[in-house]
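K.L.:
Dropping the structure in here first, questions after.
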Amino acid sequence: MKIMIQGTGSSVGKSILVTALCRIFKQDGFNVCPYKSQNMSLNSYITLDGKEMGRAQVFQAYAAGLEPEAYMNPILLKPTGDKDCQVIVNGEIYGNSTAMEYHEMKLEFMNMLKTQFDDLERKFDIVVIEGAGSPAEINLRDKDIVNMGIAELVDAPVLLVGDIDKGGVFASLYGTLMLISDDERKRVKGTLINKFRGDLDILKPGIDMFEEITNKKCLGVVPCFNLVLEDEDRPAKINKDITNIIDIAVIHLPRISNSTDLNSLKIEEDVSVRFIASPHEFKNPDLLIVPGSKNTIEDLNHLKKSGIFDKIKEYSKTGRIIGICGGYQMLGNSITDKYSVETKTLKIDGLGLLDIETIFETKKVTKRVEANLVSNDSISVYGYEIHNGVSNYGKSANPLFNIGKEDYFDGSINSDGSVLGTYIHGIFDSPDFRELILNKIREEKCVYKRKSEEYKNLREKELDRLADIVRNNVDIDKIYGIMRMKNS
């Protein structure tokens, strides 16, 4: 069985509804798998076998009770500029291309996608497929491999999702249905309305009229809700306010990647996570995080031009800084790109806060790691690396982590412990490390120390709560019925 969730546009809630259905079907005793043929995101993840995939499908895999695998997201596009991207196929770099070059090559992947999906259908009871953007992007339809193109390829029934919080949900649903072909319209077996606020009785007459006009049943109205869950594959939400005792500020890089590194910080009751996009927003945070970047050199240039570069150097005299991946590279003395991995810039000076020199290599490092703090081996972290750079230690550099199984060092820390950097994504998901950092801040602020919770335990509770919300507001029995239907 299979079901596909498509949307009237980006960020209407496709990813979270696929996540909910994966958890619901798992709760009902089915062996279920998420699938998105093509994803575009800078939030990526490394599987146990060193393959790269989009974070949304990772979260959906957890909902389904599975270890994430690259076949759940066989094509990942990582933008490197407005018109360029890195193409990841089956978890490995396929190449770099412009938007037009990729558009022209997409149909080459059709046979691969069909073969992979047939394998999934044999292996799993249910496959929940996620589309991308909207099927009404008519300029892309002739080479579509992620919306109606994939639905047609694998003969999947479709549910169309609209976001009422944006306004105009009936117009967006109707417009989408009218812009797709007659055969594609027949494939849509129902609609879902997402992010509803207010009185459902006021909405119901509109639903009745819409169903009469389109002959498409609305299978549910999902209310707005707040869960401590990972974001969809979109840039980090821009919160600029200090809302709690501990003020953690994150540099909002134009090409920020793996912003999911911050999610576990947001579950701490006394922590506020905000973003800095200009010097006047800096203030005096308790912790400054320089996050990952898909183009470290361009983002470093941006920091210099915007004035944030100088503010970071000034803040470093009294503050605490953590750099992750590209952010770690920026904290060093220099970055050299002799092979033009990112740009044509041969070398650029960094912030000079850690005594490291980074050199970009053509081979990309993608692996999962377990590590311990060099200064306290009882503090362990578990995460993953995705980077091209190799950072070499200078005379005053002190390593931060020891990668146990492979017996090498990662990261660096300055002499007084106020500036540190690492290539490991997900370090804050490890409760011991998160607790160590936050309790140092709590001690300085004379507030009570706290025990940090395991992020994955909270994630499981929240996934069950998500499933309850969707199950209570969507006709799941009708979805089961639809999955047994062929296109007609």
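Values in this text are rule-based calculations from the coordinates and carry no lab data. As the structure is a computational prediction, the values presented were derived from the model and not from experiment. Cβ atoms come from the backbone with ideal geometry, glycine included; neighbour counts cover every protein chain shown.
K.L.:
In this model, which of K240/K344; K78/K189; K304/K338; K36/K266; K204/K461 are farther than 29 Å apart at the alpha-carbon?
P.N.:
K240/K344; K78/K189; K204/K461, as the Cα separations exceed 29 Å there.
K.L.:
Please state the equivalent ellipsoid semi-axes for the stretch 245-326: what are the square roots of 5 times the Cα gyration tensor eigenvalues, largest first, in whole Å?
P.N.:
Ellipsoid half-lengths, sorted descending, are 20, 16, 10 Å.
K.L.:
For a quick check of your reading of the filter: which trypsin sites (Lys or Arg not before Pro) in the stretch 322-374 sit in a DSSP loop and have no more than 15 other Cβ atoms within 10 Å?
P.N.:
Filter output for the stretch 322-374: K338, K344.
K.L.:
Percent relative contact order of the chain, based on C-alpha pairs within less than 8 angstrom and at least six residues apart?
P.N.:
It comes to 14 percent, rounded to a whole number.
K.L.:
Using helices alone, I'd like the mean residue ellipticity at 222 nm for the chain: each DSSP H run of four-plus residues gives -39500 (n - 2.57), total over residue count, nearest 500.
P.N.:
Helix contribution divided over all residues of the chain: -9000 deg cm²/dmol.
K.L.:
Taking every Cα atom in the stretch 73-176, find the radius of gyration and the maximum pairwise distance Dmax, and write them in Å.
P.N.:
Here Rg and the maximum Cα pair distance are 15.4, 41 Å.
K.L.:
Find which of I193, I424, Y393 sits farthest along the positive direction of the dipole of the chain, computed with +1 on the beta-carbon of Lys and Arg, -1 on that of Asp and Glu, about the Cα centre.
P.N.:
I193
K.L.:
Over 21 Å, how big is the tail of the calculated P(r) for the stretch 1-129, in percent of all Cα pairs?
P.N.:
39 percent
K.L.:
May I ask you to derive the FRET efficiency for K456 and E121 from their Cβ-Cβ distance with R0 = 25 Å, giving the value to the nearest 0.05?
P.N.:
After rounding, the FRET efficiency stands at 0.30.
K.L.:
E101 to F30: extension gain in nm, 0.36 nm per residue of separation minus the Cα-Cα distance?
P.N.:
Length gained between E101 and F30: 21.6 nm.
K.L.:
Give me the one-decimal Kirkwood hydrodynamic radius in Å for the stretch 166-295, with the sum taken over alpha-carbon pairs.
P.N.:
18.2 Å is the Kirkwood radius here.
K.L.:
Moving on to the next point. Could you compute how fast the chain diffuses translationally, taking Rh as the Kirkwood radius over C-alpha pairs and applying Stokes-Einstein at 4 °C with viscosity 1.567 mPa s? Give it in µm² per second.
P.N.:
55 µm²/s
K.L.:
Cut-off 15 Å, label point 7 angstrom out along Cα-to-Cβ of V365: give me the residues of the stretch 416-442 whose amide nitrogen falls inside.
P.N.:
421-427
K.L.:
Now, a different point. Against the longest principal axis of the chain, how steep is helix 14-27, in degrees 0 to 90 to the nearest 10, with axes from Cα atoms?
P.N.:
80 degrees
K.L.:
Follow-up question, since we're still on this one. Distance in nm between label sites at F225 and K166, each 7 Å beyond Cα in the beta-carbon direction?
P.N.:
Result: 2.2 nm between the two label points.
K.L.:
Now for a separate question. Return the percentage of antiparallel bridges among DSSP beta bridges fully within the stretch 246-446, rounded to the nearest 5 %.
P.N.:
Here the share of antiparallel DSSP bridges comes out near 60 percent.
K.L.:
Here's another thing I want to ask about it. Output the 0 to 90 degree angle, nearest 10, between the alpha-carbon long axis of helix 169-179 and the longest principal axis computed from the alpha carbons of the chain.
P.N.:
It is inclined by approximately 70 degrees.
K.L.:
Using all alpha carbons of the stretch 246-446, what is the percent of pairwise distances in each 10 Å bin, ordered from the shortest bin to the longest?
P.N.:
Histogramming the stretch 246-446 at 10 Å steps yields 9, 39, 39, 13, 1 percent.
K.L.:
I would also like to ask the following. Can you give me the orientation-averaged projected area of the convex hull built on the Cα atoms of the stretch 284-345, in nm²?
P.N.:
Average projection, Cα convex hull of the stretch 284-345: 4.3 nm².
K.L.:
Right, here's the next one. On a 0 to 90 degree scale, rounded to 10, what angle separates helix 431-444 from the longest Cα axis of the chain?
P.N.:
60 degrees
K.L.:
Could you calculate the contour length gain from Y382 to D84, that is, 0.36 nm times the residue separation minus the distance between their Cα atoms, to one decimal place in nm?
P.N.:
Gain on stretching Y382 to D84: 104.1 nm.
K.L.:
Once Lys and Arg get +1 and Asp and Glu get -1 on their Cβ, which of S10, I476, N31 lies farthest toward the positive end of the dipole of the chain?
P.N.:
Toward the positive end, the furthest listed residue is S10.
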